[in-house]
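A.B. asks: Following this message is one structure expressed as structure tokens.
The values are calculated or read from the model by the stated rules, or taken from the named source; none is laboratory data. Note that the structure is a prediction, hence the values are computed from the model and not measured. FYI the Cβ positions are ideal-geometry reconstructions off the backbone, even for glycines, and counts take in every protein chain you see. Just the protein is used for accessible areas: all its heavy atoms, side chains included, with ligands, DNA and RNA removed. Shrake-Rupley method; radii C 1.70, N 1.55, O 1.52, S 1.80 Å.
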Amino acid sequence: VVTTYCPANNEPIASVRQGNLEDYEETVKKAKEAWKVWADIPAPKRGEIVRQIGDALRQKIKVLGSLVSLEMGKIFVEGVGEVQEYVDVCDYAVGLSRMIGGPILPSERPGHALIEQWNPVGLVGVITAFNFPVAVYGWNSAIAMICGNACLWKGAPTTSLISVAVTKIIAKVLEDNKLPGAICSLVCGGADIGTAMARDDRMDLLSFTGSTKVGKQVALMVQERFGRSLLELGGNNAIIVFEDADLNLVIPSALFAAVGTAGQRCTTARRLFLHESIHDEVVAKLAKAYAQVRIGDPWDSDTLYGPLHTKEAVKTFLDAVEQAKQQGGSVVCGGKVINRPGNYVEPTIVTGLPHNAPIVHTETFAPILYVLKFKEEEEVFVWNNEVKQGLSSSIFTKDLGRIFRWLGPKGSDCGIVNVNIPTSGAEIGGAFGGEKHTGGGRESGSDSWKLYMRRST
């Protein structure tokens, strides 16, 4: 039995009984049986079920958003926004359920047809992280379901209540349609369940969202059995601001990207490259903006900034600030723990570090922004790409030639390449994911549905 705590005050909310390996075994068997029913249903009819799941989430959006605030710690508007993402992906999946198709190609043999047929992989395992305890499962399950797959979900142990709540909403829709609830199964558990999923031949695809360190272990275990994995791992994202940028766009964008979700997004901006001619002006304006951030209880509608998720995260934050100082950085604002109940730390800006300082190349899952100076476009594009991760990136400029260079082969090497908007946030219609140590996976939009299917020629 694990206790789930509220990050805003570290008070216990409830206890959750986790599954053991026997429970896991029983759940996989039931999910595999349920798949036989689900795979026989035509894709547009599967889309109709997913549409109903979206509607059921719509009806519970505020209460589920509140639960996200209570258990994860993100502000209420973000909690609701996260459920909205699942709703939106359901809508997207409904349309997709009538459009999945492969080409009929000219055969070189007379009287023959050459067809590419797409079929479901079977059972999709989904392991999600604490920071997006609803949306990431939604991206995977809505698309996986219309493709004809059953799902087995393991959420983060620290957000088990959210996992249980979401699963109950989905199960009711399935059962109201006289379908087995096991089409979308859940096992609450720790690393033992995650390891079992990675090693299990019956997991036809394993989608893992989390740290690069754990993702590497998962990838090796899945690869060992020649399984398929979809990895969404760390990010160390940069915003680059050129001398011609509109600073009225830059300041709120940098603030939102660095401070939103208290710096606990994989797409959070951690590096801010400023052209030397505007460096001091932007730092002064940004520090002023940071001072105006309303800090409070995440479920209070006035709050812009809530707590870190755990006590461990606070310690990691303090360690990173200390290392930044030792490596020559100056703390412009923040850097300390806030004296109040819960896991609150000050949003932090650090200047004066070189682009290749070890701490700058480390992804600390906390609201620390390293502000760095540059002179030339060429060098800063190289610096953007020199970190191991390749998730999200952004430039602010009005130069059209530069924009196309940024989007081109020598520009950003990230999966998400932004112009004049923040690094954080993504649209469900585009494939979400990144390169290098971010894992190379793609979820949600575009043609990422193909990852949840197998091709027969």
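A.B. asks: Compute the FRET efficiency between VAL2 and GLU48 as 1/(1 + (r/R0)^6), taking r as their Cβ-Cβ distance and R0 = 41 Å, and round to the nearest 0.05.
C.D. replies: 0.65
A.B. asks: Using r as the Cβ-Cβ distance of GLN327 and SER211, and R0 as 22 Å, what FRET efficiency do you calculate, to the nearest 0.05?
C.D. replies: So the FRET efficiency works out to roughly 0.50.
A.B. asks: Which value in nm describes the separation of the simple spin-label points at ASP23 and LEU220, placed 7 Å from the Cα toward the beta carbon?
C.D. replies: A separation of 2.9 nm, rounded to one decimal place.
A.B. asks: Run the numbers for GLU376 and ASP300: contour at 0.36 nm per residue of separation, minus the present Cα-Cα distance, in nm.
C.D. replies: Full extension from GLU376 to ASP300 adds 23.0 nm.
A.B. asks: Continuing with this model, one more query. Compute the helix-to-body angle for 247-259: its Cα long axis versus the longest principal axis of the chain, expressed 0 to 90° and rounded to tens.
C.D. replies: 60
A.B. asks: Here's a follow-up. How much FRET efficiency would the formula 1/(1 + (r/R0)^6) give for LYS315 and ARG109, where r is the Cβ-Cβ distance and R0 is 60 Å, rounded to 0.05?
C.D. replies: Plugging the Cβ-Cβ distance into 1/(1 + (r/R0)^6) gives 0.35.
A.B. asks: Per residue, how many Å² of accessible area does the chain show with a 1.4 Å probe?
C.D. replies: Dividing the accessible area of the chain by its residue count gives 42 Å².
A.B. asks: Turning to a different aspect of this structure: How tilted is helix 43-59 with respect to the longest principal axis of the chain? Cα atoms for both, answer in degrees (0 to 90, nearest 10).
C.D. replies: For 43-59 against the chain, the angle is about 50 degrees.
A.B. asks: When all protein chains stay in place, what accessible area (Å², nearest 10, 1.4 Å probe) is found for LYS216?
C.D. replies: Result for LYS216: roughly 140 Å² accessible.
A.B. asks: Report ASP192's accessible area, 1.4 Å probe, all protein chains in place, as a number in Å² to the nearest 10.
C.D. replies: 80
A.B. asks: Okay, moving on. Work out, step by step, the length gained on full extension between LYS172 and VAL16: first 0.36 nm times the residue separation, then minus their alpha carbon distance; give nm to one decimal.
C.D. replies: Full-extension gain reported as 54.1 nm.
A.B. asks: Compute the distance from the alpha-carbon center of segment 25-56 to that of segment 244-278, in whole Å.
C.D. replies: Cα centroid to Cα centroid, the span is 41 Å.
A.B. asks: Once the Cα atoms of helix 21-39 and of the chain are each reduced to a long axis, what angle between those two axes, in degrees from 0 to 90 to the nearest 10, is obtained?
C.D. replies: Helix 21-39 sits roughly 70 degrees off the main axis of the chain.
A.B. asks: Order of 364-372, 311-319, 284-292 by packing, highest average Cβ count within 10 Å first?
C.D. replies: Ranked by mean Cβ neighbours within 10 Å, highest first: 364-372, 311-319, 284-292.
A.B. asks: Could you tell me the relative contact order of segment 237-427? Use alpha-carbon pairs under 8 Å, at least six residues apart, and round to a whole percent.
C.D. replies: After rounding, I find 30 percent.
A.B. asks: If eta is 1.002 mPa s and T is 20 °C, what Stokes-Einstein diffusion coefficient results for segment 272-330, Kirkwood Rh from Cα pairs, in µm²/s?
C.D. replies: 151
A.B. asks: Follow-up. Over the chain, what is the mean sequence separation of C-alpha contacts under 8 Å (at least six apart), divided by residue count, expressed as relative contact order in percent?
C.D. replies: Value for the chain: 18 percent.
A.B. asks: Among all the lysines, which ones have a C-alpha under 30 Å from LYS62's C-alpha, if same-chain residues fewer than 8 places away are not counted?
C.D. replies: Counting by Cα, and skipping residues close in sequence, LYS62 has these lysines nearby: LYS45, LYS74, LYS154, LYS168, LYS172, LYS178, LYS311.
A.B. asks: Separate question: So how much slack lies between LYS62 and ALA284, counting 0.36 nm per residue of separation and subtracting their Cα-Cα distance, in nm?
C.D. replies: This chain segment gains 76.2 nm when fully extended.
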